[in-house]
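Since the structure comes first, as structure tokens, the remarks are kept for the end.
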Ligand SMILES: NC(=O)c1ccc[n+]([C@@H]2O[C@H](COP(=O)([O-])OP(=O)(O)OC[C@H]3O[C@@H](n4cnc5c(N)ncnc54)[C@H](O)[C@@H]3O)[C@@H](O)[C@H]2O)c1
């Protein structure tokens with residue numbers, strides 16, 4: 001690999017971004033992180049990278065000298081065309097993570113999701129179109145774009161049938177990426193990850209939320225009958241897979257990042273309870289289900305396995321829960337309203 005390639009990571013101060021940026025720096029990339037610092041963005045996610053690598057935090061009036069350090073952190077919006085164009089001019093490509101991601105919030109403020117996930121993706125594609133040849137973008141989509149999959153597994157050529165606002169805006173971004181590749185010949189690749197989990201995960205997500213409730217001596221609230229199943233992939237395995245697709249994926253193609261490890265909400269809450277030495281039977285209470293819930297997502301990962309060969313590795317679910325327990329016992333996550 002060529003040393004000191006420079007990459008623009010959008011949404012780098014989020015949960016996945018912190019892990020991705022550390023992994024990129026370990027591979028000798030220079031990284032420019034562009035993040036709006038919404039409620040989901042935090043320098044705490046970048047702390048492990050900032051502790052290990054020289055870095056600089058700059059305001060939106062970005063200076064070209066900023067990339068003299070391995071990690072440059074810029075506060076700004078992906079919808080700011082001048083900003084994105086200026087940053088991309090300094091880099092070889094983009095890994096696009098920036099998004100509004102919390103499905104529950106999307107029921108209340110759908111416009112925020114359209115702005116970040118649809119308009120924002122469009123803004124990045126326009127910047128790439130005007131940046132000249134030789135730059136690649138990895139678009140990070142989600143398995144939720146396929147919609148509910150009660151049986152079997154979704155392959156990359158399946159139709160997109162999102163069933164909630166978050167997933168619909170991600171599907172719009174995903175389709176725009178494909179259309180820009182077809183129409184303008186842009187060098188873009190897409191990944192569609194399943195549920196990512198691990199240290200640093202947002203307190204709104206199921207596993208940290210369960211730790212928060214149980215560590216505070218409260219019962220975890222379970223929506224519906226708790227039998228909805230999700231597929232879980234360790235975030236550090238996922239960011240390695242993202243980098244592999246960015247470096248070696250076929251232009252214009254999409255890749256599922258799927259683990260084959262499915263857990264229902266009930267199973268997750270029971271596992272967390274047992275990891276804390278609690279009786280799972282008394283650790284939960286049931287509340288009304290969300291609107292239009294998807295019972296199961298499942299991705300077929302054979303295309304990714306072909307790309308990675310023997311480098312395809314998955315960390316066991318229980319090992320990641322142990323890592324998270326160690327983190328959350330030290331510092332319990334906040335209980336969100
Ligand atoms: N976490 C998962 O389980 C998972 C699974 C599949 C796909 N994904 C996708 O991966 C990406 C990252 O997910 P995450 O869990 O780290 O999300 P996150 O919510 O933790 O982080 C999103 C980041 O994007 C930033 N952001 C939002 N709008 C922005 C804008 N307009 N301009 C610049 N920055 C902006 C936020 O400040 C935040 O730092 C998202 O695109 C998400 O859809 C995540």
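General observations
- Relative contact order, percent, the chain [alpha-carbon distance under 8 Å, six or more residues apart]: 16 percent
- For residue 219 and residue 311, the FRET efficiency from 1/(1 + (r/R0)^6), where r spans their Cβ atoms and R0 equals 51 Å, is about 0.75.
- The chain: angle of helix 265-275 to the longest principal axis, Cα-based, in degrees nearest 10: 80 degrees
- Inter-label distance, nm, simple model (7 Å from Cα along the C-beta direction), residue 302/residue 129: 3.6 nm
- Shape category assigned to region 251-295 from the gyration tensor of Cα positions, a/c cut at 1.5: oblate
- FRET efficiency, 1/(1 + (r/R0)^6) with R0 35 Å, evaluated for residue 276 and residue 52 via beta carbons: 0.70
- Descending by average beta-carbon neighbour count within 10 Å, the peptides 269-279, 205-215 line up as 205-215, 269-279, the highest first.
- Take 252-261, 282-291 and order them by the average number of nearby Cβ atoms within 10 Å per residue, most first; the result is 252-261, 282-291.
- As a rough guide to protection, the peptides 315-328, 189-202, 119-132 ranked by mean Cβ packing within 10 Å, highest first, stand as 189-202, 119-132, 315-328.
- When the Gaussian network model of the chain links Cα atoms closer than 10 Å, the mean-square fluctuations of 309, 173, 249 top out at 309.
- Angle between the chain longest axis and helix 43-52 axis [Cα atoms, degrees, rounded to 10]: 60 degrees
- Max mean-square fluctuation residue, GNM over the chain, Cα-Cα springs under 10 Å, options 247, 156, 22: 247
- Angle between the chain longest axis and helix 165-184 axis [Cα atoms, degrees, rounded to 10]: 30 degrees
- Counting only DSSP H runs of at least 4 residues, each contributing -39500 (n - 2.57), and dividing by the residue count of the chain, the helix-based mean residue ellipticity at 222 nm comes to -11000 deg cm²/dmol.
- Counted residue by residue at 0.36 nm each, then reduced by the alpha carbon distance between them, the extension gain from residue 336 to residue 82 reaches 87.9 nm.
- The convex hull drawn around the Cα atoms of region 192-249, when projected onto a plane and averaged over every direction, covers 4.9 nm².
- The antiparallel fraction among DSSP beta bridges confined to the chain stands at about 5%.
- Between 143, 158, 187, the GNM of the chain built on Cα springs shorter than 10 angstrom shows 158 fluctuating the most.
- Taking 172, 33 and counting other C-beta atoms within 10 Å, the order from fewest to most: 172, 33
- Cβ-derived FRET efficiency at R0 25 Å, residue 39 paired with residue 286, nearest 0.05: 0.35
Any read-out appearing in this document is the output of simple, stated calculations on the displayed coordinates, not a laboratory observation. Treat the numbers as computed from the prediction; the structure is a model and nothing was measured. Because the Cβ atoms are built from the backbone with ideal geometry, glycine has one as well, and the counts that use them run over all protein chains shown.
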